[in-house]
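K.L.:
A single structure is presented below for examination.
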Amino acid sequence: MTNSNKPLPICPDVHWVGANDTETPLFEGLWSIPEGVSYNSYLVRGSEKTALIDSVHEKKAQEHFDKISSLTDLSKIDYLIINHMEPDHTSAIPQLLKKAPNTKLVFTPIAQVIFKKFYGTNPDAVLVKGDDMKLSLGNKTLKFLQTPWLHWPETMTTYLPEDKILFCCDTFGSFKKLPDGAILESDIYMNKQNICECSQKYFASVFNGQRDWVLKAIEKFDALKLEVEVLAPSHGPVYTASVEQTLRQWADWSKGSCKKTVVIAYGSMYGMTAKCLGALEEGVKEAGGTVQAFNLSEVDPVDALTALVEAPALIVGAPTYEHEVFPKVADFVNLLRVKKFSNRCATTFGSFSGSGEATRKLSAELTELGFEVVGKPLPGYGSPTEADLEKVKELGKSLAERTFSKYNAV
């Protein structure tokens, strides 16, 4: 097993020179990453020139520089390819340019504007316009493809045809710290389902709002007949054994693959709203489905978003809190809005004491977001009675039946 401070080979003269981050609790200041995250950067050495593809967060700059220096002098980097301007890939670059002042940046015109706004400088650059530009490194060639909104407007993708590597930056990434000495998914000693779950969480957090752009990018790769044997994202493992599977999985998530699953996302102040869960699950099961339930007072909301990627139905439960939706649930609904979750069936339930506006307000918000609300909002005064629970059960069953029929869930 290779030391974590060393670069890792992907193929001859292409090395991973990134870093792991296990100190940052929230990715983008939003998303919990208890398994950490990697910042992937790649050094490509041609027979005549050398290129660095993407960089790392500034707090990992020295580790990044040390890896590069073990392969080549920093001052001999000819090109720095910036696929995406987000600071977790670029904030180390100002320090790098001090050590490599002759390096030319390669990015899109929009990225050039963002770079100046972020870092106050306008270094020598090669601007990528369209899909026809190439850079020769001698015996290796870099080709650039416009892939905007993956997941910022300036994003591009870099292809190395001689080694059939697609450097896709954030697209197809995962929330996953890389084990010491491993970069390829085939070398990582954890089951593939875990990698898939980490990638799905990443998709739900970062890319669900750009689903159409993911599909456009994959369609472009297909139209150009790119031969991709290595998929090298900027977070998580590099894919060699499961390239097609990963591309297909992201396409399915973007299209909205549907399983016979209902997600229940709820909050409960004193347990009265939570008492409805068993009845809801019983109703969904009678319709042939399964339930994944998330108490938003106890779990990270991204867990519910991740489950919703492949679920065609959502049940939202909330007590009424000072005439409003319980705040933990309101925050979750706002994330649905921000990440553009829609095109599903939904319904609402919840307990109240003095007033019962929460379920009605939730139903209106979900309708506005593009959900088909099934049945009427189901508020319950205090602790649910047996009669209340029977209504809840029927609501769960009717939601599941309507959903599975509409979306041909399997």
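K.L.:
Any residue in segment 361-376 that's within 14 Å of residue 312 (Cα to Cα): show its pairings with residues that are hydrophobic (A, V, I, L, M, F, W, C) and assigned to a loop (DSSP other than H, G, I, E, B) at Cβ separation under 9 Å, as long as the two are six or more apart or on different chains.
P.N.:
Within 9 Å, the pairs are 370/341; 371/341.
K.L.:
Looking only at strands (runs of 3 or more DSSP E) that fall completely inside segment 242-339, which ones have 3 or more residues that are crowded, with 21+ Cβ neighbours inside 10 Å and among the β-branched types (Val, Ile, Thr)?
P.N.:
Counting at least 3 such residues, we get 261-266.
K.L.:
For segment 115-124, state whether one or more residues are touching a residue at least 12 places away in the same chain (Cβ under 8 Å), surrounded by 15 or more Cβ atoms within 10 Å (Cβ to Cβ), out of contact with any strand residue (DSSP E or B) (no Cβ under 9 Å at 6 or more places or on another chain) and assigned by TED's automatic domain parsing to the domain that holds residue 27.
P.N.:
First, pick out the residues of segment 115-124 that are touching a residue at least 12 places away in the same chain (Cβ under 8 Å): 115, 118-119, 121, 123-124.
Subset that is surrounded by 15 or more Cβ atoms within 10 Å (Cβ to Cβ): 115, 118-119, 123.
Retained after the next criterion (residues that are out of contact with any strand residue (DSSP E or B) (no Cβ under 9 Å at 6 or more places or on another chain)): 118-119.
This time we only want the ones that are assigned by TED's automatic domain parsing to the domain that holds residue 27, so: 118-119.
Yes - at least one qualifying residue is present in segment 115-124.
K.L.:
Of the conditions (1) of a type in the set (S, T, N, Q); (2) in a helix (DSSP H, G or I); (3) touching a residue at least 24 places away in the same chain (Cβ under 8 Å), residue 112 clears all except one; give me its number.
P.N.:
Of the numbered conditions (1) of a type in the set (S, T, N, Q); (2) in a helix (DSSP H, G or I); (3) touching a residue at least 24 places away in the same chain (Cβ under 8 Å), the odd one out for residue 112 is (3).
K.L.:
Answer yes or no as to whether residue 28 is of a type in the set (Asp, Glu), under 28 Å from residue 334 (Cβ atoms) and not assigned by TED's automatic domain parsing to the domain that holds residue 334.
P.N.:
Spelling it out, residue 28 is indeed of a type in the set (Asp, Glu), under 28 Å from residue 334 (Cβ atoms) and not assigned by TED's automatic domain parsing to the domain that holds residue 334.
K.L.:
Mind checking which strands (runs of 3 or more DSSP E) fall wholly inside segment 121-176 and carry at least 3 residues that are more than 22 Å from residue 102 (Cα to Cα) and at pLDDT below 95?
P.N.:
Numbers: elements: 125-127, 134-136, 141-146, 156-160, 165-169.
Strands (runs of 3 or more DSSP E) meeting the threshold: none at all.
K.L.:
Hey, residue 241 hits all of (1) of a type in the set (A, V, I, L, M); (2) over 22 Å from residue 22 (Cβ atoms); (3) modelled with pLDDT of 95 or more but one; which does it fall short on?
P.N.:
(3)
K.L.:
Now a separate question. Would you please list the contacts, defined by Cβ atoms under 7 Å and residues six or more apart or on different chains, that run from a residue in segment 287-301 that is at pLDDT below 95 to a residue that is of a type in the set (S, T, N, Q)?
P.N.:
297/268; 300/32
K.L.:
Within the group 405, 363, 355, 342, which residue is surrounded by fewer than 20 Cβ atoms within 10 Å (Cβ to Cβ), of a type in the set (Ser, Thr, Tyr) and touching a strand residue (DSSP E or B) at 6+ places or on another chain (Cβ under 7 Å)? Reasoning before the result, please.
P.N.:
Numbers: 405 fails: touching a strand residue (DSSP E or B) at 6+ places or on another chain (Cβ under 7 Å); 363 fails: surrounded by fewer than 20 Cβ atoms within 10 Å (Cβ to Cβ); 342 fails: touching a strand residue (DSSP E or B) at 6+ places or on another chain (Cβ under 7 Å).
Checking each option against the conditions leaves just 355.
K.L.:
Identify the residue in segment 177-200 that is assigned to a loop (DSSP other than H, G, I, E, B) and either modelled with pLDDT under 80 or of a type in the set (A, V, I, L, M) (or both) and, among all such residues, is surrounded by the fewest Cβ atoms within 10 Å (Cβ to Cβ). Give the derivation first.
P.N.:
Here is the first cut: in segment 177-200, the residues assigned to a loop (DSSP other than H, G, I, E, B) are 177-183, 188-191.
Restricting the remaining residues to those that are either modelled with pLDDT under 80 or of a type in the set (A, V, I, L, M) (or both) gives 178, 182-183, 188-191.
Working: 178: 25, 182: 19, 183: 24, 188: 18, 189: 6, 190: 14, 191: 9.
Going through the qualifying residues, I end up with 189.
The values are calculated or read from the model by the stated rules, or taken from the named source; none is laboratory data. Note that the coordinates shown come from a computational prediction; the quantities given were computed from them, not determined experimentally. Methodologically, a virtual Cβ is constructed for each residue, glycine included, from the backbone with ideal geometry; neighbour enumeration extends over all protein chains shown.
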